[in-house]
Amino acid sequence: MDTMTEMLTRPTRHLLNDFQRVPSMTDTHRDTLIKNINPLTENIILDFVMNELISRKVLNFDERHQINRNDATDREKVERFVQLLCKKPDSAFFDLIVSLRRTGQDHVADMLEFNEEEEESLK
């Protein structure tokens, strides 16, 4: 069970209550993020996106610290970011797209949206 501190610092937007959790990210969105690890590593300005996601209450400061810890390489940071985001509700994928656009990274948002549509068409 979560400690009281964890419950209080967790973004409340993605919680129904202490006993019922919001459903996790869909397979389509999770697969889209995972399949795009290489282009994300090459194209995303992660600090800008994380700041935007914090302001949208998708990430918290502890999660940003976890992603940036131990002088990680850019690839390691993106991998940690994707791993963490994949554990969030499906709304986190859409918040990511909005955050990318709000930080001037439309080309990355377009890439994810195109791959999401492609992934859906294969099902």
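Taken over the stretch 45-69, the criterion of being touching a residue at least 40 places away in the same chain (Cβ under 8 Å) and more than 12 Å from the chain's Cα centre (by Cα) is satisfied by Ile45, Phe48, Asp62.
Of all the listed residues (Asp71, Asp62), the sole one being over 21 Å from Pro23 (Cβ atoms), at pLDDT 95 or above and not aromatic (Phe, Trp, Tyr) is Asp62. Scanning the stretch 36-57 for residues that are assigned to a loop (DSSP other than H, G, I, E, B), exposed (fewer than 14 other Cβ atoms within 10 Å of the Cβ) and not charged (D, E, K, R) turns up just one, Ile45. Counted as qualifying within the stretch 58-123 are the helices (runs of 4 or more DSSP H) with 3 or more residues that are closer than 18 Å to Pro39 by Cβ, namely 74-86, 91-102, 106-121. Of the residues Leu85, Leu59, Leu100, the single one that is out of contact with any Cys (no Cβ under 7 Å at 6 or more places or on another chain) and under 18 Å from Thr26 (Cβ atoms) is Leu85.
The values are calculated or read from the model by the stated rules, or taken from the named source; none is laboratory data. Because the structure is predicted, anything quoted here is derived from the model rather than measured. FYI the Cβ positions are ideal-geometry reconstructions off the backbone, even for glycines, and counts take in every protein chain you see.
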